[in-house]
Every structure is written in structure tokens, then in C-alpha cells.
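The values are calculated or read from the model by the stated rules, or taken from the named source; none is laboratory data. This one's a predicted model, so the numbers in the text were calculated from it and none came from an experiment. So basically every Cβ, Gly included, is an ideal-geometry build from the backbone, and we count neighbours across all protein chains shown. Calculation scope for accessible area: heavy atoms of the full protein, side chains included, ligands and nucleic acids excluded. Shrake-Rupley method; radii C 1.70, N 1.55, O 1.52, S 1.80 Å.
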Amino acid sequence: MGKKPKVKRVVLDTNVILSALLFKGKLSEIVELWKNRSFIPLISKEIFKELQRTLAYSKFHLTKNETHLIINDYILPYFEVVDVAKPFNNVCRDKDDDKFLSCAISGDSNLIVSGDMDLLSLKSYKNVKIITPTEFLSIFKK
């Protein structure tokens with residue numbers, strides 16, 4: 001019999017959260033995994049602010065009520081808020097991505113899931129591995 005993966009503390013990049021929540025497809029499986037507590041998604045204040053700002057983009061055609069529901073029904077009940085003790089700066093090619101590393105390290109996570117090449121090109125930082133959503137989903141298929 002296959003061994004069930006240990007529950008992990010995982011930082012999801014904003015693009016992964018949005019794709020999982022807003023678009024039907026393979027990445028929507030990630031929402032079910034966090035709702036089933038198969039892993040603990042971590043979020044910092046900085047990532048949360050970016051998520052709120054991005055959900056308001058007109059290209060998503062979300063009303064304020066829909067955005068409110070997404071945050072209250074899919075984020076707040078499941079995501080653990082991490083207080084970033086020591087922010088990292090100038091680690092990623094895109095300095096705006098450093099917040100994901102800061103969240104992972106402060107939240108005692110060893111995994112970031114991202115589709116962003118600026119993060120993925122690092123492959124890892126300290127004890128944090130950076131993988132694609134497809135690689136992440138394959139962990140739960142074993």
C-alpha cells in the first residue's frame with residue numbers, strides 16, 4: 001500500500017492560489033487538498049495584501065461580494081497566517097517574490113509552490129524547495 005504523505009506546511013504563490021480558485025482545471029485540485037487538510041497553506045500579511053489586490057483586477061470580473069466570499073470561505077478558514085520575523089530582500093530576480101521566501105522560512109515550511117519563473121529558477125533557498133504546481137500535485141498521487 002502507498003504511504004499517505006505527511007501533512008506539510010506549504011507556501012503557495014499568489015498565481016497558484018488564483019489559478020486554483022478561479023479556473024476549472026488541474027490546479028483546482030489544490031483547493032480540495034487544502035480544504036481536506038492534506039497540507040497547511042501558509043500566508044503572510046504581504047501575500048494576503050497581494051492576493052486581495054489581485055482579486056480586484058478587472059480581468060477577473062469579480063464583484064466585491066464574490067471577492068469577500070472567496071476570502072472568507074476559501075482563505076481565512078484554511079490558511080495559517082505567518083508573522084514574518086525577518087523579511088528577506090534581494091534574493092529573487094524579482095524582489096517582489098522575496099515575500100514568499102520570507103513567509104516560508106518564518107512559517108517553518110520547506111516548500112513553495114509557484115508557476116513564477118523568477119522563483120522557480122532558484123530551485124531552493126536555504127531549506128525551502130521551490131516546485132511547480134504539477135510537481136506538488138504529484139506528491140499526493142503517490
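Given the conditions (1) over 19 Å from Ile40 (Cα atoms); (2) open to solvent by 30 Å² or more (accessible area, probe 1.4 Å), and given that Ser106 satisfies all but one, which numbered condition is not satisfied?
Tallying (1) over 19 Å from Ile40 (Cα atoms); (2) open to solvent by 30 Å² or more (accessible area, probe 1.4 Å), Ser106 fails exactly one: (1).
In the range 116-132, what residues are closer than 19 Å to Thr54 by Cα and open to solvent by less than 50 Å² (accessible area, probe 1.4 Å)?
Asp116, Asp118, Leu119
Select the helices (runs of 4 or more DSSP H) contained entirely in the range 14-84, then report the ones holding at least 1 residues which are under 21 Å from Ser138 (Cβ atoms).
In the range 14-84, 14-22, 28-35 are the helices (runs of 4 or more DSSP H) which contain 1 or more residues that are under 21 Å from Ser138 (Cβ atoms).
Residue check: is Thr63 free of Cβ contacts under 8 Å to residues at least 12 places away in the same chain and either β-branched (Val, Ile, Thr) or crowded, with 20+ Cβ neighbours inside 10 Å (or both)?
Yes.
Among the residues of the range 95-106, is there at least one that is under 24 Å from Ser28 (Cβ atoms) and of a type in the set (S, T, N, Q)?
So far as the range 95-106 goes, no, none of its residues is under 24 Å from Ser28 (Cβ atoms) and of a type in the set (S, T, N, Q).
Would you mind finding the one in Ser19, Ser38 that is open to solvent by less than 40 Å² (accessible area, probe 1.4 Å), touching a residue at least 60 places away in the same chain (Cβ under 8 Å), under 16 Å from Ser114 (Cα atoms) and not hydrophobic (A, V, I, L, M, F, W, C)?
It is Ser19.
Determine, yes or no, whether Tyr74 is out of contact with any strand residue (DSSP E or B) (no Cβ under 8 Å at 6 or more places or on another chain), surrounded by 12 or more Cβ atoms within 10 Å (Cβ to Cβ), under 14 Å from Val11 (Cα atoms) and of a type in the set (Phe, Trp, Tyr).
no
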